[in-house]
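Please treat every number below as a calculation from the coordinates, not as lab data. Computed from a prediction, not measured in an experiment: that's the story for all the values here. No Cβ is skipped: glycine too gets one built from the backbone with ideal geometry, and neighbour counts run over all protein chains shown.
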Amino acid sequence: MPASVKLQEQYGDDVQVLFVECQNTPKDVYEAFAWKMKWMGNGAMWTTERPLSTTGSGLPETAVLGIDGSVLLQGHPGDFGKKLEETIAAEIKKSKQAPAGTPKELEKAWSAFGKGDLAAAIAECDKLASDASKAAKDEFVARTTAKIERAKRMIESGDVVAADALAAKLEKSTKGAVDLATKVAELKTKLASPELAAERDADKAFASFTNDVAKKKPFEPGNVKRAESLAKKHEGTKNGKRFERFVALAKIDLNK
Amino acid sequence: MKLPVLGLVAALTVVGATWLASSAAPAADSGILYTFRESPLHALGLKNLDELRGTPIVIDFWGKN
């Protein structure tokens, strides 16, 4: 199992693992392969697009981006030793604190934002009324707005349960920050609409199915049969399509 | 004959530069910026790497073969 799968399982939402397939393997084939290897069901993302260039010294290669998006480590994962986990742990710790170089008077605002209290963070910035506090306020608003937009896209992609969870966090966070609270209320109204009920059920069913099969033998005939039946039950939903896709992936001959 | 060849070279340069700009673009002072052309699998609505600002990212380059 790649170390990155373990990292995603170990750190959960505190880290995002992105697998980038670099040998031009068709999407269906690498996805089926990842299921078969029991690498699915842990929150990691999969793509063939390279957000940064590889060093060219061969695969596998791992890069760690810090909380500011800068490249902290890059190379063969076997060469990192303890450095990989130490770097990630240090970044997670930093992610819960104010950014390096934050003026002392803004630490309280960042602390409130880190705890999910946007309104208190904004109030703290307004009290200070400096250029730095205005920049911090803009950053808080931008990050929160980006989360609202992401929640909307989650709904579009059928990830209703994740959207529910994010909307609940945002509702708590934006209480008292009028403009953003209004946007979150619109989001919550959309999530409560009857047309999303079937998708929500299908999403829960797919998550439950994934949890059950991901670490066993995903493509065993019994699991495929179950997926076929769930695809029929949730027909017409995006998650119904995910069940259909699972069935199709199970039929791919990976030895070809 | 040289003119068409020069034109082709210029066109390829523009295409190459555009491709590079849309694939991997290190930001001047704020880390890696990247917009996915196609949403990754299990992306949960993620479009830009920048949306993960504040969370460490582990990129695992691998090959099936």
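In the range A:5-52, how many are more than 19 Å from A:D159 (Cβ to Cβ) and without any contact (Cβ under 8 Å) to a residue 60 or more places away in the chain?
Qualifying residue count for the region: 19.
Here are A:D179, A:D212: which of them is surrounded by fewer than 14 Cβ atoms within 10 Å (Cβ to Cβ) and farther than 14 Å from A:I148 by Cα?
A:D212
Does the range A:47-79 hold any residues that are surrounded by 20 or more Cβ atoms within 10 Å (Cβ to Cβ), over 29 Å from A:P99 (Cα atoms) and in contact with a helix residue (DSSP H, G or I) (Cβ under 7 Å, 6 or more places away or on another chain), and which are they?
Scanning the range A:47-79 gives no hits.
Picking from A:G66, A:G101, A:G75, A:G114, which residue would you name as being without any contact (Cβ under 8 Å) to a residue 12 or more places away in the chain and either at positive phi or not hydroxyl-bearing (S, T, Y) (or both)?
A:G101
Determine which single condition A:K94 fails, assuming it passes every other condition in (1) more than 16 Å from B:L52 (Cα to Cα); (2) of a type in the set (K, R); (3) within 9 Å of another protein chain (Cβ to nearest Cβ).
Unmet condition: (1).
Mind checking which pairs have a first residue in the range A:134-155 that is more than 8 Å from every other protein chain (Cβ to nearest Cβ) and over 17 Å from B:T35 (Cα atoms) and a second that is hydroxyl-bearing (S, T, Y) and surrounded by 16 or more Cβ atoms within 10 Å (Cβ to Cβ), Cβ under 8 Å, 6 or more apart or different chains?
From the range A:134-155, the pairs are A:T144/A:S173; A:T144/A:T174.
Quick grid of which residues meet (1) among the basic types (K, R); (2) more than 17 Å from the chain's Cα centre (by Cα); (3) more than 7 Å from every other protein chain (Cβ to nearest Cβ); (4) assigned to a loop (DSSP other than H, G, I, E, B):
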position: A:W39; (1), (2), (3), (4): no, no, yes, yes
position: A:N42; (1), (2), (3), (4): no, no, yes, yes
position: A:W46; (1), (2), (3), (4): no, no, no, no
position: A:G58; (1), (2), (3), (4): no, yes, yes, yes
